[in-house]
Amino acid sequence: MSFTPFLRRWPAGFAAATVMTGVLVALAGPALAQPPLAAAPPPNRTAVTHPAADHLGSTVRAHLPDAQVLAQRRPAAPAQANQADGQPYGMDVSSFQGNVDWSTVAAGGAKFVYVKASEDTGYLNPYFDQQYNGAYTAGLIRGAYHFALPNNSSGATQADYFLAHGGGWAADGRTLPPMLDIEYNPYGQVCYNMTPGQMSYWIREFSTTVHARTGRYPTIYSTTDWWNLCTGSDASFAATNPLFLANYSTSVGAMPAGWAHQMIWQYSDHGTYPGDADVFNGSLAALREFAAASSPPAADPIADRYAQLGGTSSYLGGPVGGEYPIPGGAGQNYQTGRMYYTPATGAHVVRGTIVDDYLALGGPAGRVGTPVTDELPTPDGAGRFNHFTGSGGASIYWTPPAEPTRSKD
């Protein structure tokens, strides 16, 4: 009679790795395969065949539950009495609307507008100047947005293109922060054939590039369904990025992971004004403050994230000591793990056996770099892993110790 060890298949794509006490460490480099999280998107570039039809919410209706689709056949709006209370209404437009009669829009009570500036790295809204500058001249608070195709080029590349073609910001109280439109793929698989880790990396790179160039973190437009599905419910953006939520209903509904409230709500894809129907979550004075205010990083992103997780009632338990510096950021130890923050990655948790081996590899100062995800389950549900920055990307996988299986003679 003999015993045969149980062998676990590791995720495809790791040709070389180091296995230590149940942990697989994958590091990017000439001799290693690319890890699941990479700075560059996967090689599935989309041909942009209908950019004029791609705009804020253009993919949302197709993914609404049947009941919401039926409701949207009638004009759906929040209680219009809110306007009497000073809650500002506005809209978003693109080349689909063409030249807009802004004097009529302003006379009708609209207070703000977001205008599509660009898509991917090859399309510019031909009506942008008329829409963006015309709205400003008519007295509206205006902002520009970029329609993302994250599988086509990096977040930094698309942010640079956007910023070079209208996506700026001025502290004049009349210009909204630049905005990222990230929604269902209009050309294929809803998440652009990207993993949640890849998607979060892409959005983070876009966001930090915009912040570095303008002093504002971009507003993020999305739906709760898309965000939680395609980023794996990444809650880390809520500390820095305002939310423009799409939900075609008479109530705003559930928030995406991390956000406690929306800044703007797109409640319908038709309404009183040209384009989609939007409402700001506050007074007109608050809208002006939102336009004028700079948005530096959160004063204490680690403390904010810890509070989001539940503080001392969370799986991390209580803090051990205070925050300490790491290369480019800060760290904090807890009873059952550690949290690391940099402006480029956000705040993420490493714990258990993974944190032991992470520290053995040098921690945030080592080759693995800083975490870009919290601990996530492996596809088969048996193990866990974290992604890290590394030299282009790195991952540490853990699987439970193998139980021997008895084989027949």
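Among the strands (runs of 3 or more DSSP E) confined wholly to the stretch 253-326, which include 3 or more residues that are free of Cβ contacts under 8 Å to residues at least 40 places away in the same chain? Step through it out loud before you land on a result.
Values: elements: 264-268, 276-280, 319-326.
Filter on the stretch 253-326 gives 319-326.
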Looking only at the stretch 230-253, decide whether some residue is modelled with pLDDT of 85 or more, touching a Gly at 6+ places or on another chain (Cβ under 7 Å) and closer than 19 Å to residue 143 by Cβ. yes
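Going by what's in this entry, would residue 175 be described as polar (S, T, N, Q), surrounded by fewer than 24 Cβ atoms within 10 Å (Cβ to Cβ) and either at pLDDT 95 or above or in contact with a Pro (Cβ under 6 Å, 6 or more places away or on another chain) (or both)?
Working: polar (S, T, N, Q): yes; surrounded by fewer than 24 Cβ atoms within 10 Å (Cβ to Cβ): yes; either at pLDDT 95 or above or in contact with a Pro (Cβ under 6 Å, 6 or more places away or on another chain) (or both): yes.
So residue 175 passes the test.
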Single residue of 321, 363 found to be among the small types (Gly, Ala, Ser), loosely packed, with under 14 Cβ neighbours inside 10 Å and over 21 Å from the mean Cα position of the chain (by Cα): 321
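Could you count how many residues in the stretch 276-291 are buried (at least 20 other Cβ atoms within 10 Å of the Cβ) and closer than 22 Å to residue 168 by Cβ? Give the derivation first.
The first filter runs over the stretch 276-291 and keeps only residues buried (at least 20 other Cβ atoms within 10 Å of the Cβ), leaving 276-280, 287, 290-291.
Those left that are additionally closer than 22 Å to residue 168 by Cβ: 278, 280, 287, 290-291.
Of the residues in the stretch 276-291, 5 are buried (at least 20 other Cβ atoms within 10 Å of the Cβ) and closer than 22 Å to residue 168 by Cβ.
Which residues, counting only those in the stretch 327-348, are part of a loop (DSSP other than H, G, I, E, B) and farther than 15 Å from residue 375 by Cβ?
Scanning the stretch 327-348 gives 327, 328, 335, 343, 344.
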Among the numbered criteria (1) over 16 Å from residue 389 (Cα atoms); (2) at pLDDT below 95, which one does residue 218 miss? (2)
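So is residue 273 closer than 27 Å to residue 226 by Cα, surrounded by fewer than 16 Cβ atoms within 10 Å (Cβ to Cβ) and either at pLDDT 85 or above or in the same structural domain as residue 87 (by TED's automatic domain parsing) (or both) or not? Step through it out loud before you land on a result.
On the way: closer than 27 Å to residue 226 by Cα: yes; surrounded by fewer than 16 Cβ atoms within 10 Å (Cβ to Cβ): no; either at pLDDT 85 or above or in the same structural domain as residue 87 (by TED's automatic domain parsing) (or both): yes.
Judged against the criteria, residue 273 is not a match.
The values are calculated or read from the model by the stated rules, or taken from the named source; none is laboratory data. No experiment lies behind these values; they were computed from the predicted model shown. Every residue, glycine as well, gets a Cβ built from its backbone with ideal geometry; the counts of neighbours run over all protein chains shown.
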